[in-house]
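Following: one structure in structure tokens, then a few remarks.
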Ligand code: 4AD
Ligand code: MG
């Protein structure tokens, strides 16, 4: 018999097929007529399939009547039309093989609903719940949309390194990579750490962004993107920060800030559209159980033009809002989550692209505007989530970027290769980074970023 996923077995065109289904029991119900109903889930979709196990199956009394949530089974049987509500099909079992038991006294995922906090302690079991199954499927669809979007637009997928010696964001929030023994650090005669004894001969870190290497490939191949794990040792215990997250970073040559904004908007619209078209069942679940604005937010993302306003204008809007913010707003300070949320959720009621930020609060690589005080930065803010994309046009003038690096305390000798890109055939170029987990939050309505990545790493937590 052919193996079939529950997702396929639930379709009407499967009726009449002899098939094999494999998965985990969600529930068992024994009927008075001497047979049992089993609900099986295999993760291929949110819904279970109902299996009818008659008493004449050889292991009915010895095994089937002992099945409980979490047991793993193989079912051979015929897929039939079902008279039941909410299901087109069901399975009449001809054989049921039990692979593994799950003692109902001990298996934690019984009928009772657990809090998200509790489920985080069971990171090895939570993917078996409806919520985390749905998050995993939607996350997968978003990743597929990311690749489809860039591949169809001629962007090349490149792989930038995870171990690096440079601090792209200049924020000093990097995890060190070393093979030195912390109990026995080699020292130079001056008493400093002797990094020539370390694996890479120099201080090395986990990357905070693949952008600088992305720029190298963009200024050779035109349009590229990198998509991989990113690390930040910032000690922020918030619902939107992780120490390890995934970032997708396109970078394009002959590309200015307006092109960049256009690309970011098309990109987010494509992801939203693909999720709306392919994850209907999971979205209905999020809408009902997690956040009743999920579908509306996605439709806005997919179809409404993003608002584009300069930073300076956003400051004016916030100052005039009459809102009481925990952090006051004034020109020159960075926005907090509460400010971003006011702009997206209350003022504009749609995604917002803020651009032309004060130079002092942005990294060295952003292109300086003629006003001498702002840079060609852009942040895309999504409803509920706030900043979801950060990007910019890059400074392409050798003299300007050299003095910006010096002003921010970077050693230009360390970045000689980055400066070479401005020395040899420099071009206007731009790019941005989308935080994958923040995108998953925007799409699913999940309140905490720890619940949209399989194994969250946060300060004090790398258990699994
Ligand atoms: O704004 P960021 O810091 O921009 C950069 O790293 C640029 N080098 C990207 C580029 O231009 N190629 O980060 C980009 C995005 C943020 O908007 C946010 O969505 C996400 O990455 N992000 C985080 N997500 C989860 N946890 C964290 N600690 C994050 N820090 C940034
Ligand atoms: Mg940012």
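Every number here is computed from the coordinates shown, using simple stated rules; none is lab data. Bear in mind that the values here come from a model prediction, so they are computed numbers and not experimental data. Positions of Cβ are generated from backbone atoms using ideal geometry, with glycine treated the same way; all protein chains shown enter the neighbour counts.
Some points to look at:
- All C-alpha to C-alpha distances of segment 73-174, sorted into 10 Å bins beginning at zero, yield P(r) values of 10, 18, 27, 24, 14, 6, 1 percent in whole numbers.
- For the pair residue 254 and residue 221, the difference between a 0.36 nm per residue extended length and the Cα-Cα distance amounts to 10.8 nm.
- For the chain, the 222 nm mean residue ellipticity estimated from helices alone, with every DSSP H stretch of n ≥ 4 adding -39500 (n - 2.57) and the total spread over all residues, rounds to -8000 deg cm²/dmol.
- For the pair residue 80 and residue 157, a Förster radius of 56 Å applied to the C-beta separation gives a FRET efficiency near 0.80, rounded to the nearest 0.05.
- With neighbour counts taken as other beta-carbon atoms within 10 Å, the residues 275, 193 rank, fewest first, as 193, 275.
- With neighbour counts taken as other beta-carbon atoms within 10 Å, the residues 404, 423, 26 rank, fewest first, as 423, 26, 404.
- Percentage of interatomic Cα-Cα distances in segment 338-443 larger than 23 Å: 37 percent
- Counting neighbouring Cβ atoms within 10 Å and putting the fewest first, the residues 24, 416 line up as 416, 24.
- Straightening the chain between residue 7 and residue 47 buys 13.6 nm, computed as 0.36 nm per residue apart minus the Cα-Cα spacing.
- Difference of contour (0.36 nm per residue) and Cα-Cα distance, residue 61 to residue 326: 89.0 nm
- Tensor-based shape of segment 1-156 (alpha-carbon gyration tensor, a/c under 1.5 rounded, otherwise prolate or oblate): oblate
- Along each principal axis, taking the top coordinate minus the bottom one, the Cα set of segment 405-464 gives 45, 28, 21 Å in descending order.
- Mean-position separation - Cα centroids, segment 376-413 and segment 110-180, in angstrom: 24 Å
- In range of the label at residue 175: residues from segment 431-464 whose backbone nitrogen is under 19 Å from the point 7 Å along Cα→Cβ: 435-438, 449-464
- Efficiency of FRET between residue 106 and residue 238 - r from beta-carbon atoms, R0 25 angstrom, step 0.05: 0.10
- Normalised by 2.2 N^0.38 Å, where N is the number of residues, the C-alpha radius of gyration of segment 118-216 stands at 1.61.
- Folded to 0 to 90 degrees: helix 398-407 orientation relative to the chain principal axis, Cα: 80 degrees
- Residues in segment 74-95 that a label on residue 280 would reach, taking backbone N under 16 Å of a point 7 Å out along Cα→Cβ: 86-89
- Restricting the calculation to alpha carbons of the chain gives Rg and Dmax of 26.7, 87 angstrom.
- Computed from Cα atoms, the angle from the helix 211-221 axis to the main principal axis of the chain rounds to 90 degrees.
- Calculated FRET efficiency, residue 293 to residue 187, Cβ-Cβ distance, R0 = 45 Å: about 0.20 to the nearest 0.05.
- On Cα atoms only, tilt of 311-320 relative to the major axis of the chain in degrees: 70 degrees
- With contacts taken as Cα pairs under 8 Å at a separation of at least 6 residues, segment 89-211 carries a relative contact order of 21 percent.
- With only the Cα atoms considered, segment 167-281 has a convex hull volume of 191 Å³ per residue.
- Where N is the number of residues in segment 12-92, Cα Rg divided by 2.2 N^0.38 Å: 1.03
- Its relative contact order, with pairs defined as Cα atoms under 8 Å and 6+ residues apart, puts the chain at 13 percent.
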